[in-house]
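Remarks on the structure that follows.
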Amino acid sequence: MSMGMTETVAEAVRICASEELVDGGAGVRRAAKLGGGDVVVFFVRYDGHAYGYLNRCAHVPMELDWAEGQFFESSGLYLMCATHGAIYAPDTGKCVGGPCRGGRLRSLQVDERDSPGGRAVFWLPDGELRPATP
């Protein structure tokens, strides 16, 4: 399969040190571009693994967090949209309750690995969802 101009493999983007993502705790937000628009992506840890999603509810195109980086509901088992209470499974992004049941969050490819500064979480951008250039 030949690589066209649009198929360039994106450079992995370092998001944060592994210990900054706490299981069921606050997420890390990053500015991103989707097509030509400004969006936010976020990264959380659940059950020991790091996951990343586009910060946009499947119900209405609004950001999920009720306060900066707060994506989990109180039990730390589900991601919740602060606007209408849509509930998402943190490991799949699938909506399991609320107004958009059956919908899902746009997931990101996340890689956690050892790096020169210690273990870290990386985002491997894909398609049209890209990091915002500083």
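The values are calculated or read from the model by the stated rules, or taken from the named source; none is laboratory data. Model, not experiment: these values are computed from the prediction. Please note: Cβ atoms are built from the backbone with ideal geometry, for glycine as well, and neighbour counts cover all protein chains shown.
Residues that are within 15 Å of the chain's Cα centre (by Cα) and part of a loop (DSSP other than H, G, I, E, B) were ranked within the stretch 9-33; the one that is surrounded by the most Cβ atoms within 10 Å (Cβ to Cβ) is 27.
For the criterion of being out of contact with any His (no Cβ under 6 Å at 6 or more places or on another chain) and part of a strand (DSSP E or B), residue 60 fails.
The set of residues from the stretch 53-86 being over 15 Å from the mean Cα position of the chain (by Cα) and crowded, with 19+ Cβ neighbours inside 10 Å comprises just one member, 86.
The criterion of being in a loop (DSSP other than H, G, I, E, B), under 12 Å from the mean Cα position of the chain (by Cα), exposed (fewer than 15 other Cβ atoms within 10 Å of the Cβ) and not acidic (Asp, Glu) holds for residue 92.
Note on the stretch 101-125: residues that are part of a loop (DSSP other than H, G, I, E, B) and surrounded by fewer than 16 Cβ atoms within 10 Å (Cβ to Cβ) total 5. Residue 6 versus (1) at pLDDT 95 or above; (2) not in a loop (DSSP other than H, G, I, E, B): which is the lone unmet condition? The single condition residue 6 does not satisfy is (1). Any residue at all in the stretch 34-52 that's exposed (fewer than 13 other Cβ atoms within 10 Å of the Cβ), of a type in the set (Asp, Glu), at positive phi and not in a strand (DSSP E or B)? Checked against the condition, which is being exposed (fewer than 13 other Cβ atoms within 10 Å of the Cβ), of a type in the set (Asp, Glu), at positive phi and not in a strand (DSSP E or B), the stretch 34-52 yields at least one hit.
Of 88, 53, all but one fail to be under 14 Å from residue 29 (Cβ atoms) and of a type outside the set (Asp, Glu); the exception is 53.
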